[in-house]
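First up is the structure itself, then whatever we jot down about it.
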Amino acid sequence: MEFLRHFSNREWNVLATLALDLAIAVLYFSKLASVPDGLAAPSAALAGIIIQITIVAVIGAALLFGLINWRRGDQEPADERDKFIAARGNSIGYGVLIGVIILFIGHLVLSALGFESELLPYSQVTPLVSAHALLLCLLIASTAKHLSQLVMYRRGI
Amino acid sequence: MAVNKGHITNQIRRLRFDHNEMTQAELAKAAGVTRQTIMSLEANKYSPSLELAFRIAGVFNQPLEAVFQFQPAGGEE
């Protein structure tokens, strides 16, 4: 954990965003697993979880970023290196997003053509399942973006 | 014709010490960047834009080529 001492404010913010995204996702999907009807159809339980998670995410973000700003002072304005790293991270995240969405659509097309997979049979792909698959795609892309930004800050570009 | 990629090296650390032991933070402020960017430049982990390179050279009152050098990949000039 020695390397964490050399993190700049901006790196702390990227790390915090990454950790918060993953923590909220784990919390949401673990709560989702306990819903009796699952994602077969919209339900009051599902709506309750979404509201609960949204509140937790807002409070968590306020506390986490407030703590970072309180401990380390305000963030310096972004310079050309920060903007370049942000742009490269966005580009990597976008590429990953396109890749995972193509994989998902490919899975749907193959399933529709009769090449069923046991992981997610076509008959079980409800609109809610599709929405959550897209949510997962966004999470994977966001994770790739923030991880690549941290690597670029640490290893150089 | 293949492009020789190479990389950019610099004399920033030496020039800082020659300029009354200027700190990284002071140089960063004068050049309008963060201290982390100066650290990355000194470690040759980041190649600056032409504009930033001119600003840093201006802080040291030196021509650009006295601060930044291009090192071709094969080592030849």
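Return the pair list, or none, for Cβ contacts closer than 9 Å from residues in the stretch A:143-157 that are more than 12 Å from residue A:19 (Cα to Cα) and at the interface with another protein chain (Cβ under 9 Å from one of its Cβ atoms) to residues that are aliphatic (A, V, I, L, M) and in a loop (DSSP other than H, G, I, E, B), at least 6 apart or on different chains.
Close Cβ pairs satisfying both conditions: A:156/B:43.
Within the stretch A:70-88, can one find any residue that is at negative phi, in a helix (DSSP H, G or I), within 14 Å of the chain's Cα centre (by Cα) and charged (D, E, K, R)?
no
Just name the residue that is modelled with the highest pLDDT out of those in the stretch A:30-46 that are under 20 Å from the mean Cα position of the chain (by Cα) and loosely packed, with under 15 Cβ neighbours inside 10 Å.
The residue in question is A:30.
Let me confirm something: among A:10, A:5, which residue is assigned to a helix (DSSP H, G or I), among the basic types (Lys, Arg) and modelled with pLDDT under 85?
Unique residue meeting the criteria: A:5.
In the stretch B:11-47, how many are surrounded by fewer than 15 Cβ atoms within 10 Å (Cβ to Cβ), within 10 Å of the chain's Cα centre (by Cα) and among the aliphatic types (A, V, I, L, M)?
Summing the residues that are surrounded by fewer than 15 Cβ atoms within 10 Å (Cβ to Cβ), within 10 Å of the chain's Cα centre (by Cα) and among the aliphatic types (A, V, I, L, M) in the stretch B:11-47 gives 1.
Of the residues in the stretch B:40-77, how many are of a type outside the set (D, E, K, R), facing chain A (nearest Cβ under 9 Å) and part of a helix (DSSP H, G or I)?
The number of residues fulfilling the criteria is 3.
Going by the structure shown, is residue A:74 within 14 Å of another protein chain (Cβ to nearest Cβ), surrounded by fewer than 16 Cβ atoms within 10 Å (Cβ to Cβ), of a type in the set (Asp, Glu) and in contact with a helix residue (DSSP H, G or I) (Cβ under 9 Å, 6 or more places away or on another chain)?
yes
Given B:24, B:11, which one is closer than 26 Å to residue A:88 by Cβ and either in contact (Cβ under 8 Å) with a residue 24 or more places away in the chain or not aromatic (Phe, Trp, Tyr) (or both)?
None of the others qualify; the one that does is B:24.
Limited to the stretch B:11-21, what total is found for residues that are in contact with a helix residue (DSSP H, G or I) (Cβ under 6 Å, 6 or more places away or on another chain) and of a type in the set (S, T, N, Q)?
So the answer is 1.
For residues that are under 23 Å from residue B:40 (Cβ atoms) and free of Cβ contacts under 8 Å to residues at least 12 places away in the same chain, scanning just the stretch A:77-107, find the one that is surrounded by the most Cβ atoms within 10 Å (Cβ to Cβ).
Applying the filter and picking the extreme gives A:79.
Out of everything in the stretch B:22-39 that is of a type in the set (S, T, N, Q) and assigned to a loop (DSSP other than H, G, I, E, B), what residue ends up being farthest from the other protein chains (Cβ to nearest Cβ)?
Looking at residues that are of a type in the set (S, T, N, Q) and assigned to a loop (DSSP other than H, G, I, E, B), I get B:23.
Has the stretch A:46-69 got any residue that is assigned to a helix (DSSP H, G or I) and under 18 Å from residue B:36 (Cα atoms)?
yes
The values are calculated or read from the model by the stated rules, or taken from the named source; none is laboratory data. What you see is a predicted model; the values in this text were computed from it and never measured. Cβ sites come from the backbone with ideal geometry, for glycine too, and all protein chains shown count toward neighbours.
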